[in-house]
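What follows is one structure encoded as structure tokens, with my remarks underneath.
The values are calculated or read from the model by the stated rules, or taken from the named source; none is laboratory data. Predicted, not measured: the structure shown is a model, and the values here were computed from it. Every residue, glycine as well, gets a Cβ built from its backbone with ideal geometry; the counts of neighbours run over all protein chains shown.
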Amino acid sequence: MKKNRLNKAAITGIGIISCLGNDVESVASALKNGRSGIVYDEQRKNLGFKSPLTSKINGFSPKNYGLTKKALRTMCEPALFSFAAATDAVKDSRLSRELIQSDRCGIIFGNDSTIKAGVESVDIAKKYNETHYIGSGYVFRAMNSTITMNLASHFKTRGANWTISAACASGAHVIGQALMLIRSGLQDIIIAGGAQETNWMSMASFDSLNAFSSRTDEPGKASRPFDKERNGLVPGGGAASIIIEDLDHALSRGANIYCIIDGYGFSSGIDKNLSEPNAKASAKAMENALGDAGISPQKIDYISAHATSTPTGDLAEAIAINKVFGPATPVSSTKSMTGHECWMSGASEVVYTILMAQNKFIAPNINFSSLSDNCPQINVIHTARQAQIDFAISNSFGFGGTNAAIVLNFNGI
């Protein structure tokens, strides 16, 4: 077992199921062209949602990924999305079956709800006045660890196998923990990622918080991170997967290397309530990530903001960004196009950042005109811009004050 703290972690494969597309080429094109994946959902309107807006995944079918009927019995929506994304990421990485099916390869995903499976099992019990008809598959669908248990069973990995639940920072904390496992020498490969179910059941209680945008007449313009006219987020989901690998291990097998994960920072801080953002804690996560990477804020070429389009959340992040980076570093939030992908977002936004760096552009923060009067100056990029991204930082902040930031190095291999 290697014990070298300086082991480096590389990203060698990516896969994604998103409202922007179900493959990296489609997603990269949507990002560059500022295409929104947000729609008006009549079903949510009929169910009494205050906001019937959501992002929509088109053209996805689990049948395209060769899943058996037996596998489908234990897989709910997040597991299905994750299986597809992870399958594509593994294929992209060109990892051999022998490497995947070893105790040096593990699976860690971020997921903080499987609500639909729980609701359905309760409905079946109520309908028949007994639990017999629920069947054996629902218990495995309804657990938060449904993704990792199903994926580990399919890929036959023998290393790490668990789920991180940390609200909207779940996917980012997964990447951070994978980094620590690689650095410590405990694992050579982690199939990492995050997922978020997209059904209406998963968002009913969230809708009741009055956190969603009311701009229902123009769905594509509803998500407006940092904009002075923002009035709430739009929910979204899907899954993103990232193959994180020991750099020496990746180089020895001739892997394609997208980037190095240079730093991970985390913090915690709650102000008045569980949903209240904390600018100081957000800044601390970014500072910790930069410190872990050993680079100055001036080295960062792009900030992938968490910004969800809520008045208080975006303001807190802008304050934190201005404190750490000042007013000049380019910032955008891909949530302007995807809506808030929740537990998935920490992983998906790393994939989006990789696609930007690969294709030498910064995705636009669409629907942005100007900052609100009480917001400190930050450099929001509102139209796609050609750019050389050598270093980037991706922010993820969640309910309960959980914060994470990831520093990506595209120039240090």
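The strands (runs of 3 or more DSSP E) falling completely within the stretch 83-197 that include 2 or more residues that are β-branched (Val, Ile, Thr) and touching a Phe, Trp or Tyr at 6+ places or on another chain (Cβ under 8 Å) map to 105-110, 161-164.
Within this structure, Ala285 passes the test of being among the hydrophobic types (A, V, I, L, M, F, W, C), under 14 Å from Asn395 (Cβ atoms) and out of contact with any Cys (no Cβ under 6 Å at 6 or more places or on another chain). Taking the stretch 80-114 as the range and being within 24 Å of Gly59 (Cβ to Cβ) and β-branched (Val, Ile, Thr) as the test, the residues that pass are Thr87, Val90, Thr114.
Among the helices (runs of 4 or more DSSP H) confined to the stretch 299-392, the ones with at least 1 residues that are more than 23 Å from Lys284 (Cα to Cα), in contact with a Leu (Cβ under 9 Å, 6 or more places away or on another chain) and outside the structural domain of Ile57 (by TED's automatic domain parsing) are located at 335-338, 345-359.
Please verify whether the stretch 229-244 includes one or more residues that are touching a Leu at 6+ places or on another chain (Cβ under 6 Å), buried (at least 24 other Cβ atoms within 10 Å of the Cβ), touching a residue at least 12 places away in the same chain (Cβ under 8 Å) and not charged (D, E, K, R). Yes: one or more hits. State all residues of the stretch 326-360 that are in contact with a Phe, Trp or Tyr (Cβ under 9 Å, 6 or more places away or on another chain) and on the phi > 0 side of the Ramachandran plot; if no residue qualifies, say none. Once the filter is applied, which keeps residues that are in contact with a Phe, Trp or Tyr (Cβ under 9 Å, 6 or more places away or on another chain) and on the phi > 0 side of the Ramachandran plot, the stretch 326-360 yields only Cys342.
Residue pairs whose Cβ atoms lie under 7 Å apart, sitting 6 or more positions apart in sequence or on different chains, and linking a residue in the stretch 270-285 that is closer than 16 Å to Pro297 by Cβ to a partner that is among the polar types (S, T, N, Q) and not in a helix (DSSP H, G or I), are Ser282/Asn403; Lys284/Ser267; Ala285/Ser267; Ala285/Asn403.
Exactly one residue among Ala79, Ala85, Ala89 is within 30 Å of Gly135 (Cα to Cα), modelled with pLDDT of 95 or more and touching a Gly at 6+ places or on another chain (Cβ under 6 Å), and that residue is Ala85. Please verify whether the stretch 94-111 includes one or more residues that are in the same structural domain as Ser213 (by TED's automatic domain parsing), within 26 Å of Gly185 (Cα to Cα), touching a His at 6+ places or on another chain (Cβ under 7 Å) and of a type outside the set (S, T, N, Q). Yes; the residues of the stretch 94-111 include at least one that is in the same structural domain as Ser213 (by TED's automatic domain parsing), within 26 Å of Gly185 (Cα to Cα), touching a His at 6+ places or on another chain (Cβ under 7 Å) and of a type outside the set (S, T, N, Q). Note on the stretch 329-387: residues that are among the aliphatic types (A, V, I, L, M) and within 20 Å of the chain's Cα centre (by Cα) amount to 13.
If I filter the stretch 212-222 for residues that are assigned to a helix (DSSP H, G or I), more than 23 Å from Ile406 (Cα to Cα), over 21 Å from the mean Cα position of the chain (by Cα) and not aromatic (Phe, Trp, Tyr), do I get at least one hit?
Scanning the stretch 212-222 turns up at least one residue that is assigned to a helix (DSSP H, G or I), more than 23 Å from Ile406 (Cα to Cα), over 21 Å from the mean Cα position of the chain (by Cα) and not aromatic (Phe, Trp, Tyr).
Total residues in the stretch 1-31 satisfying the condition of being within 19 Å of the chain's Cα centre (by Cα) and either surrounded by fewer than 17 Cβ atoms within 10 Å (Cβ to Cβ) or at pLDDT below 95 (or both): the figure is 4.
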